[in-house]
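The values are calculated or read from the model by the stated rules, or taken from the named source; none is laboratory data. Remember, predicted model here, so these are calculated numbers, not experimental data. Glycine also receives a Cβ, built like all others from the backbone with ideal geometry; neighbour counts cover every protein chain displayed. When the accessible area is computed, the model is the full protein with side chains, heavy atoms only, and any ligands, DNA or RNA have been set aside. Shrake-Rupley method; radii C 1.70, N 1.55, O 1.52, S 1.80 Å.
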Amino acid sequence: MLAGELSKKMGLKLLAGEGGLSKNVSGVYICDLLSFVMSKAEACNIWITVQTNLNIVAVSVLTEIGCVIIPENIEVEEITLKKADEEKIPIFSSSKSAYELACELKGLI
Amino acid sequence: MTPNNIVNMAKLKGLNIIAITDHNSARNIAATISCAKDVGILCLPGMEVESTEEIHLIVLFSDLISCFKMEKVIEQSFTNIKNDINIFGEQIIVDKNDNITGYKENLLTTATNLTVAQIFELTEKLGGVCIPAHIDRDSYSIISTFGMIPEDIAFSTVEITKNAIKRGYGNNISLCKYNIISSSDAHCLGFISERENYFKLSNLTGKDVIEKLKTRIK
């Protein structure tokens, strides 16, 4: 599935990284410790995290993550969104919790 | 940021004491200490260690051997992730003349598998001082991760950023039992502090600096 399709199916709001909407996404990784994500996440994964600092973009590029979903309407720093645009990493926002998002994703992908 | 550039910038700014605290590595300290000695600046060996909880702690020592012992433990406690120079840049090792002698291949800006408590204990055992770094920051800080400074770890000193000092963060009553320091945390030459932070020391030695930082406020 493409990141853009996923966001339509789940009603996600795109915050940044429009240039990456045609990326393939598969699998989900949920973690807020960046070092875990760096060593465990797989390419094309949908990464759910509450971390919003600039480093999430570097980690996404390093691990070739498909897209990032920030739960619970948590605000993301401008500097992070700007970098995500540059690197074409889609960052989506949802009002749902990480658990709710995970349950929904299980049925979808 | 090479040994000579750091030391010469420190000299220009009139600094008497500096410390090198690279992320999880002590490979460039000996060269910098050597350069600093040549111009009469005291350079302390140290590191900025990342705990498994992704909290940054500054560890400082009065001697290089203790710092290397700590570095060895840290090297063995990493989950090895290869550095990507396109994202994180090269992790160079240089000599006293700023010549590149090697590279660290594994990513240094990641977490060790050591807890905050373990890092504190090991530093104490090696005669150093362990200081929670930039506690006012939103990330990689003991307060942003734990919500508080753990009471059961006998920290004597905490570090806050320069901006936080200006905002009066250090006046917070919950910090009254700690020495509060603010450092350059310079990742490039321009960020090295001016001559604005002071210690009162009997002698200008590493031992005196460490002892000062370890002295708890009663």
Check: Which one of A:Glu72, A:Glu64 is within 14 Å of another protein chain (Cβ to nearest Cβ), open to solvent by 40 Å² or more (accessible area, probe 1.4 Å), more than 10 Å from the chain's Cα centre (by Cα) and of a type in the set (D, E, K, R)?
Finding: A:Glu64
Check: Just a yes or no: is a residue in region B:63-73 in a loop (DSSP other than H, G, I, E, B), within 14 Å of chain A (Cβ to nearest Cβ) and of a type in the set (Asp, Glu)?
Finding: no
Next item on the list: Among what's in region B:61-93 and is hydroxyl-bearing (Ser, Thr, Tyr) and free of Cβ contacts under 8 Å to residues at least 40 places away in the same chain, pick the residue that is most open to solvent (accessible area, probe 1.4 Å).
Entry: B:Thr79
Notebook entry, point to check: If a residue has to be closer than 22 Å to A:Lys106 by Cα, open to solvent by less than 20 Å² (accessible area, probe 1.4 Å) and not hydrophobic (A, V, I, L, M, F, W, C) to count, how many in region A:26-61 make the cut?
Noted result: 3
Next item on the list: Looking for whichever is of a type in the set (S, T, N, Q), open to solvent by 50 Å² or more (accessible area, probe 1.4 Å) and without any contact (Cβ under 8 Å) to a residue 24 or more places away in the chain here; the options are B:Asn171, B:Asn106, B:Asn97, B:Asn113. Which one fits?
Entry: B:Asn171
Next item on the list: Hey, can you tell me all the residues within region B:189-199 that are in contact (Cβ under 8 Å) with a residue 12 or more places away in the chain and open to solvent by 60 Å² or more (accessible area, probe 1.4 Å)?
Entry: B:Glu194, B:Arg195, B:Asn197, B:Phe199
Next item on the list: Name the single residue, out of those in region B:38-60 being of a type in the set (Asp, Glu) and surrounded by 18 or more Cβ atoms within 10 Å (Cβ to Cβ), that is farthest from the other protein chains (Cβ to nearest Cβ).
Entry: B:Glu48
Check: Is it the case that region B:1-20 has a residue that's charged (D, E, K, R) and either buried (at least 23 other Cβ atoms within 10 Å of the Cβ) or under 14 Å from the mean Cα position of the chain (by Cα) (or both)?
Finding: no
Next item on the list: Scan region A:3-10 and give yes if some residue there is of a type in the set (Lys, Arg) and farther than 30 Å from B:Phe78 by Cβ, otherwise no.
Entry: yes
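Answer yes or no as to whether A:Asn55 is of a type outside the set (D, E, K, R) and either modelled with pLDDT under 95 or over 11 Å from the mean Cα position of the chain (by Cα) (or both).
Here the answer is yes, as A:Asn55 does meet what is asked.
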Notebook entry, point to check: Do any residues in region B:129-148 that are within 14 Å of another protein chain (Cβ to nearest Cβ) have Cβ atoms under 8 Å from those of residues that are aromatic (Phe, Trp, Tyr) and crowded, with 17+ Cβ neighbours inside 10 Å, where the two are at least six apart or on different chains, and which pairs are they?
Noted result: B:His134/B:Tyr140
Notebook entry, point to check: Residue check: is B:Thr123 farther than 22 Å from B:Ile33 by Cα and either within 14 Å of chain A (Cβ to nearest Cβ) or open to solvent by less than 20 Å² (accessible area, probe 1.4 Å) (or both)?
Noted result: no
Next item on the list: Mind counting the residues in region A:36-49 that are over 10 Å from the mean Cα position of the chain (by Cα) and within 13 Å of chain B (Cβ to nearest Cβ)?
Entry: 6
Notebook entry, point to check: Of all residues in region B:158-215, how many are more than 18 Å from B:Leu44 (Cα to Cα), in a loop (DSSP other than H, G, I, E, B) and over 19 Å from the mean Cα position of the chain (by Cα)?
Noted result: 5
